[in-house]
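Before any comments, here is the structure.
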Amino acid sequence: MRTPFIAANWKLYKTVHETVVFVKELRSLVKDAGDIEIVVAPPFTAVHAAAEAARNSPIAVAVQDVHWEREGAFTGEISAAMAKEAGAEFAIIGHSERRRLFHETDETVNRKAIAVLGAGLFPIVCVGETLEEREANATLDVLDRQIKTGLDSLTGDQVASLVIAYEPVWAIGTGRNATPQQAGEAHAHIRSRLRAWFGGTAADLCHVIYGGSVKPDNIHELVMLPDVDGALVGGASLDVRAFADIVARSRQSAV
Ligand code: 13P
């Protein structure tokens, strides 16, 4: 049985101060949340402060990206080991905004996944099709390519420890979330590919979460789907009460 996994991706929002206020309030709001993995991904500047504020709580911290090298002349980048030292336990990689705006490819996602695992962090690997790809009936092919190349050379044990976030690009920040049928089909497909390529244990243990306009009022129908293990929340995660509400409603669905 996979525990529900709810993560907040804050993107380019929140200062160090705002992060600490949020995490302290979230701690008290989720103290009875039970068996749920709760993750917040602040900007790099606030990662350490978030980890300190979350110490001895059910909340873990993620970075929103890493570089694949350990060190070197890569101005502006941070390594997975640096993220870990700052207190992160997870690293989001391959977010569609990074693919679209910063030219990330399935190959760089793969290098980052390997680096993140090598540093002892857990990757949250984002996949998902654009609107044009969906309209061209290419969704499942796109997912196959992103997963095959993005997870190339990973072992079954490594895949078992991953989180894969299915985020249809057309659903991000648009208020237009995937229908349960669309999400269910994509998640079941991802799970079947994991089973075929990495084995049954990897497929059973890997968390496959949904992202794209998740709100308190639609989380329930999503996490009720058998292959949806939680959510990666953007806009609604900036408000601590809305995010705590999403956590609470995903738990109601788990029992
Ligand atoms: P929204 O929840 O704002 O649609 O963003 C989703 C997302 O990109 C999470 O990574």
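Bear in mind that the values in this text are calculations on the coordinates, not laboratory data. Owing to the predicted nature of the structure, the values given are computational and were not obtained by experimental measurement. Using ideal geometry, Cβ is built from the backbone for each residue, glycine included, and neighbour counts are taken over all protein chains shown.
Arranged from fewest to most other beta-carbon atoms within 10 Å of their beta carbon, Tyr166, Tyr210, Tyr13 become Tyr13, Tyr166, Tyr210.
Its Cα centre serving as origin, the chain has a Cβ charge dipole (Lys and Arg +1, Asp and Glu -1) of approximately 400 debye.
For the chain, the mean residue ellipticity at 222 nm estimated from helices alone is -13000 deg cm²/dmol, where every DSSP H run of n ≥ 4 contributes -39500 (n - 2.57) and the total is divided by all residues, rounded to the nearest 500. Under 24 Å between alpha carbons, and skipping anything fewer than 8 positions from Lys24 in its own chain: which lysines qualify? Answer for Lys24, where 24 Å is the Cα cut-off: Lys11, Lys14, Lys84, Lys215, listed by chain and number. By the Cα gyration tensor, the stretch 130-173 has an equivalent ellipsoid whose semi-axes, rounded to whole angstrom, run 24, 13, 6 from largest to smallest.
Residues considered: Gln146, Gln158, Gln182. Largest GNM mean-square fluctuation over the chain, using C-alpha springs under 10 Å, is found at Gln182. With a cut-off of 14 Å between beta carbons, the residues surrounding Leu131 carry a summed charge of -2, where Lys and Arg count +1 and Asp and Glu -1. Taking label positions 7 Å along the Cα-Cβ direction at both Val21 and Phe102, the computed distance is 2.7 nm, reported to one decimal. If you plug the beta carbon distance of Arg111 and Ala196 into 1/(1 + (r/R0)^6) with R0 = 35 Å, you get a FRET efficiency near 0.90.
Most fluctuating residue of Lys84, Lys31, Lys112 in a GNM of the chain with Cα springs under 10 Å: which is it? Checking each option, the largest mean-square fluctuation is seen for Lys31. The length gained by stretching the chain between Asp152 and Arg70 to full extension, at 0.36 nm per residue less their Cα-Cα distance, is 27.5 nm.
Sequence-ordered 3J(HN,Hα) estimates for the stretch 28-43 from the Karplus curve with 6.51, -1.76 and 1.60 and θ = phi - 60° stand at 6, 6, 9, 5, 9, 5, x, 7, 9, 8, 10, 10, 10, 10, x, x Hz, glycine and proline given as x. Annotation: amide H of Phe122 within the under-5 Å range of Phe90, Ala91, sequence separation 5 or more or interchain, hydrogens built in the peptide plane. Backbone phi angles across the stretch 185-197, fed through the Karplus curve with coefficients 6.51, -1.76 and 1.60 (θ = phi - 60°), yield HN-Hα couplings of 5, 5, 5, 5, 5, 4, 4, 5, 5, 4, 5, 5, 9 Hz in residue order; Gly and Pro are listed as x.
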